[in-house]
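Trainee: Below you'll find the structure I mean.
The values are calculated or read from the model by the stated rules, or taken from the named source; none is laboratory data. No experiment lies behind these values; they were computed from the predicted model shown. Cβ sites come from the backbone with ideal geometry, for glycine too, and all protein chains shown count toward neighbours. Ligands, DNA and RNA are stripped out before the accessible areas are found, and what is left, the full protein with its side chains, is counted by its heavy atoms. Shrake-Rupley method; radii C 1.70, N 1.55, O 1.52, S 1.80 Å.
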Amino acid sequence: MTAPRKRPVAAIVTRFWGDAQGEAVAATRLLAGALARHADVAVVQLGETERPVHIDSVFEVHPVAVRGANPRRSALLRAALAGRVAKSSPPSAAAELLRQYAGDAPDVVGTLDAIAPDAVILAGFDQPWNLSTLGVPGSDGRPRVVAIPFLDAGRPLRSEITRLVDHADRVGIIHPGEHARLVALDPDREPDIMPLDLAIGVNRHAYADPLVGVAPFGEYALLIRCFPAGSPRLARSVNAEMLPSILKGISVAEVDGETWRICDADNTYVLPVNPSGVNFARLVARARVTIDARPPGPVGTITIESMLLGVPVVVPDDSASRAHAAAANGGLWYRDVGELFDAVRVLVHSPIGAKLAEQGRNYALAKHGDIDDFVARTAMLVLGGDRAVTPVQV
Amino acid sequence: MDELSHDDALDAGSIVEQLRSLVAEGRSEYPRTWMPRATYEDLVVDDGRKPIHLIESLHYLHRHWDMANSRICKGIGWGPKALVQRFLSRIVNGAMSHYYAEEQAFRSNVARAIDAIAYRVDNINYADQRALLGAVREDLIDLARHVEHRLDGGGADR
């Protein structure tokens, strides 16, 4: 009788944890959940305090305080730097300021020593601690280090991404657009880059059960200004009043935080809101097109959900959603409100919409529709070897 | 839109480019106004706050806290009813004068306290915005110093 193999231990060092709403937090949790099939998962949560602010009933969480951080200033400076010419280096003064604003979390090192992980996942480019303590990639006794930089969760400088990647054995990417950006930084690391292709769970039966109140309005385009409620929202963007006159003959449903409504040229009906997201899936499933008018997120979850439900998307240019839509050929993208109108009209009033919907659905099902594939990919990326094929028995 | 391709496998990127080329040729159907993308939006998304000291109820309080005139019943005319009202008013006011004086002082202090709280809440409410603007100013000054340094022959960035 052979002794049971010891389960490997994986530690995720991240700011993306807790009860905050956000695509990056949801994606990191999804990653941890997939990894838990093959390993014991500990989370080193970087935050404002060492006290746990979020009781986690599933994972072992080690809160570590980041001292001296100033995220608001950092966000402002990054926004200012984002207006610069893309290929020019930012001023060293700005880079130094960003280093200061990131703060310092020296306790991560001791926490990781106590956990003694076989693999360390650096989720998010914001890692304000001494990564050199992980050792040199490839050296003996060092845990396998995987970086998942979340390039669109902020505006990282090239030096910040390089620092993360240089300390990693493998790099996981959240959306296809990250691949080209990472290869441009260091072409030699291309073999180490692996797509995570997050498996997004959607209610596949949502189409069978339409949302109450929607039917009398006939076909509609779905405009998302804020979802989930409490997430960032553009103060000035296209709204449900603008679209019916542009689309002519088709209604518009609008999701704006806790206010959902559907309207045509003459009538407006306030729709029921369900925080579980069931009603959202029903609304998406019956739409002719999903228009994402939110500030771009780092993952593009709703784009994937919409494509999985067979609905083409119209998404902001230069975003994670755009990367998914382009890779899938499942939607169009816009730079301004005029392009948004053009794209929606094309999808609604021509056969192109149905064709892109089909292409998007096929792509999304193949890439993001199978949870077992995702679990296997995650294990392969983080633990390496044949973990994906022969999961360790508990 | 009719000019767009309808091939078996559609390339979304080429559709977007075709749409943009139609716009570039001046064949767009809509006015193409620019809408700024999210930069500072998520930081100032709550900016539409109405100051508490502009609330109408507070202005009503300012106008009506002094009710001293309301308790003086002058009556209308010189008929018996008016004379009785004046007589009763004098008796009641005489008996209750201490209470009324106390109440008048209390009302004026309540109005002042609510006023002070409103302004204090407004100050707290806008402190973060002022801090934000201060941070922007300091960062811009730092960057300006850096630019001056570069113009004076300072080194490369990275």
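Trainee: Tell me, yes or no, whether region A:75-95 has at least one residue that is crowded, with 19+ Cβ neighbours inside 10 Å, more than 12 Å from chain B (Cβ to nearest Cβ) and at pLDDT 80 or above.
Mentor: no
Trainee: Among the residues of region A:225-244, what is the count of those that are open to solvent by less than 50 Å² (accessible area, probe 1.4 Å), under 26 Å from the mean Cα position of the chain (by Cα) and within 14 Å of another protein chain (Cβ to nearest Cβ)?
Mentor: Within region A:225-244, residues that are open to solvent by less than 50 Å² (accessible area, probe 1.4 Å), under 26 Å from the mean Cα position of the chain (by Cα) and within 14 Å of another protein chain (Cβ to nearest Cβ) number 8.
Trainee: Filter region A:347-359 for residues that are closer than 11 Å to residue A:313 by Cβ and either more than 9 Å from every other protein chain (Cβ to nearest Cβ) or open to solvent by 60 Å² or more (accessible area, probe 1.4 Å) (or both) and give the result.
Mentor: Hits for region A:347-359 are A:347, A:353, A:357.
Trainee: Yes or no: region A:118-130 includes at least one residue that is open to solvent by 70 Å² or more (accessible area, probe 1.4 Å) and not in a helix (DSSP H, G or I).
Mentor: Looking through region A:118-130, at least one residue is open to solvent by 70 Å² or more (accessible area, probe 1.4 Å) and not in a helix (DSSP H, G or I).
Trainee: Name the single residue that is farthest from the other protein chains (Cβ to nearest Cβ) among those in region A:64-74 being touching a strand residue (DSSP E or B) at 6+ places or on another chain (Cβ under 9 Å) and open to solvent by less than 50 Å² (accessible area, probe 1.4 Å).
Mentor: Here the residue is A:64.
Trainee: Right, here's the next one. Looking at region A:335-346, I want the residues that are facing chain B (nearest Cβ under 7 Å) and open to solvent by 20 Å² or more (accessible area, probe 1.4 Å) and have a partner that is assigned to a helix (DSSP H, G or I) and polar (S, T, N, Q) with Cβ atoms under 9 Å, at least 6 apart or on another chain. Which pairs are those?
Mentor: Taking only residues 6 or more apart or on different chains, not a single pair turns up.
Trainee: A further question follows. Quick one: residue B:77 ticks every box in (1) on the phi < 0 side of the Ramachandran plot; (2) modelled with pLDDT of 75 or more except a single one, so which number is it?
Mentor: (1)
Trainee: So for region B:131-154 (the condition being in a helix (DSSP H, G or I), open to solvent by 60 Å² or more (accessible area, probe 1.4 Å), away from chain A (no Cβ under 14 Å) and modelled with pLDDT under 75), does at least one residue qualify?
Mentor: Among the residues of region B:131-154, not one is in a helix (DSSP H, G or I), open to solvent by 60 Å² or more (accessible area, probe 1.4 Å), away from chain A (no Cβ under 14 Å) and modelled with pLDDT under 75, which makes the answer no.
Trainee: Do we find a residue being open to solvent by less than 30 Å² (accessible area, probe 1.4 Å), outside any loop (DSSP other than H, G, I, E, B) and at pLDDT 90 or above anywhere in region A:194-216?
Mentor: no
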